[in-house]
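To keep things clear, I will list the structure first and then write my remarks on it.
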Amino acid sequence: MFRLPAQSRVALHRTRRFFSSPAYDNILASRPKPSVALLTLNRPKALNALNTPLFNDLNHALKEAEKDPAVGAIVITGSPKAFAGNVLVNSGTADCA
């Protein structure tokens, strides 16, 4: 399993939000460096299972990052436990996890 060097892990805690929109419910968006957009899947109870709300947040964040001329790279990552657990077919329900 790939692990970031300790110095990089510390730097991730010092990232800042970069979107003008309100906070997302299912992802964390930050800029660890001026030219890097970091999008972290954030549904820990469901092991980042993909559902419609998560896809909507991710699509919106990707469009925002794409509009920013300073962004040269977009990194999509998950939690230490799981990148994405699975796809939930019943994602139309209120509580999918």
Qualifying residue in the stretch 11-21 (condition: over 21 Å from Gly72 (Cβ atoms), touching a strand residue (DSSP E or B) at 6+ places or on another chain (Cβ under 9 Å), at pLDDT below 95 and surrounded by 12 or more Cβ atoms within 10 Å (Cβ to Cβ)): no
Long-range neighbours under 6 Å by Cβ, at least six apart or interchain, first residue under 23 Å from Lys81 (Cα atoms) within the stretch 40-68, second part of a loop (DSSP other than H, G, I, E, B) and among the aromatic types (Phe, Trp, Tyr): Asp57/Tyr24
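The values are calculated or read from the model by the stated rules, or taken from the named source; none is laboratory data. Being a predicted model, the structure only gives us computed values, none of them experimental. FYI the Cβ positions are ideal-geometry reconstructions off the backbone, even for glycines, and counts take in every protein chain you see.
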